[in-house]
1. How large is the helix-only mean residue ellipticity at 222 nm for the chain, computed as the sum of -39500 (n - 2.57) over DSSP H runs with n ≥ 4, divided by its residue count, in deg cm²/dmol to the nearest 500?
2. Below 28 Å, Cα to Cα, which lysines can Lys214 reach? Residues fewer than 8 away in the same chain don't count.
3. Which one of His192, Val162, Ala101 is farthest out on the positive end of the charge dipole of region 82-196, using unit charges on Cβ (Lys, Arg +1; Asp, Glu -1) and the Cα centre as origin?
4. By its C-alpha gyration tensor, with a ≥ b ≥ c as the square roots of the eigenvalues, how is the chain shaped: rounded for a/c under 1.5, else prolate for a/b larger than b/c, else oblate?
5. Round to the nearest 0.05 the FRET efficiency obtained for Ile136 and Ser68 when R0 = 45 Å and r is the Cβ-Cβ distance.
6. Quick check: residue separation of Ala146 and Ser100 times 0.36 nm, minus the Cα distance between them. What number comes out in nm?
7. Can you give the FRET efficiency for Leu21 and Val81, using 1/(1 + (r/R0)^6), R0 = 22 Å, r = Cβ-Cβ distance, to the nearest 0.05?
8. With unit charges on the beta carbons (Lys and Arg positive, Asp and Glu negative) and the dipole taken about the Cα centre of the chain, which residue among Ser111, Ile90, Gly225 sits farthest to the positive side?
Amino acid sequence: MTITFPRQLPASFASQQSFDLMRVDYESPEAGGRTGAVQAGFPRWLASWTVARTSHVKSDEVEAFVTSMRGRQRVLMAGDVRRPYPLAHIQGFRRMTVGSAPFTGACGGWSQTIDDAGNAMLTLTGVPAGLRLSWIDYVGFRWTAAGSPAGANDRRALVRVVEPGKANPAGVIVVAVEPALPLWIPAGAVAHLDKPMCLMRLTQETKIAPVDRKQRITGSVISAGSLLLP
């Protein structure tokens, strides 16, 4: 079977997860007693997953996946395992519709504004009336890179909901998110709520544990950091 990249992280193998934003901030004291601060670069998602005491088949799958990444050479796709769907709809969007069409998770449209306090406010349209987004839910964005086959959806971005919202009867919902989306994400990118993920590379903290007597790599740690590609 041909392997295509970015490759999705295997499912249902982790006993623990860390998934959060890393920001690089520099501070400098000022003469008046204030502290000035500036952020360097764009925030990155950093994640780690600890391999559970699972079957040896799943253990083999995870180890083979790590091997296929060739260290940090190749790109994977992953998201927060707590939120494959929004918390209020954690089993998916069955029986939810937009008009007469089933809602699959793909929003009809999106836009971002920055309010006076510097908060990124994300507006999603074309969602079911009454849809809820809660704290720590995610919105994913997918699009196809120039030169890639049509429909490849090989580019991804991810934002986290930090202030919840509920869709109005017109199917519009506004939520505060972090991080703000960079301006170069194409307007044609699809905002979606089903299995939101970002592109990542493994980091040097990835460690495969010794194989136990049941042929498992329990306790191995898979670590990765996000990247944004146009």
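Any read-out appearing in this document is the output of simple, stated calculations on the displayed coordinates, not a laboratory observation. Note that the coordinates shown come from a computational prediction; the quantities given were computed from them, not determined experimentally. Note that we place each Cβ from the backbone using ideal geometry, even for glycine, and neighbour counts take in every protein chain shown.
1. Details: 1 runs with 13 residues, N = 230.
So the helix-based figure for the chain works out to -2000 deg cm²/dmol.
2. Within the straight-line cut-off, Lys214 pairs with Lys58.
3. Ala101
4. Details: a/c = 1.77, a/b = 1.21, b/c = 1.46.
It is oblate, given that a/c is not under 1.5 and a/b is not larger than b/c.
5. Values: r = 30 Å, r/R0 = 0.67.
E between Ile136 and Ser68, to the nearest 0.05, is 0.90.
6. On the way: separation 46, 0.36 × 46 = 16.56 nm, distance 3.35 nm.
Result: 13.2 nm gained on full extension.
7. Values: r = 16 Å, r/R0 = 0.75.
Approximately 0.85, to the nearest 0.05.
8. Going by the Cα projections, it comes out as Ile90.
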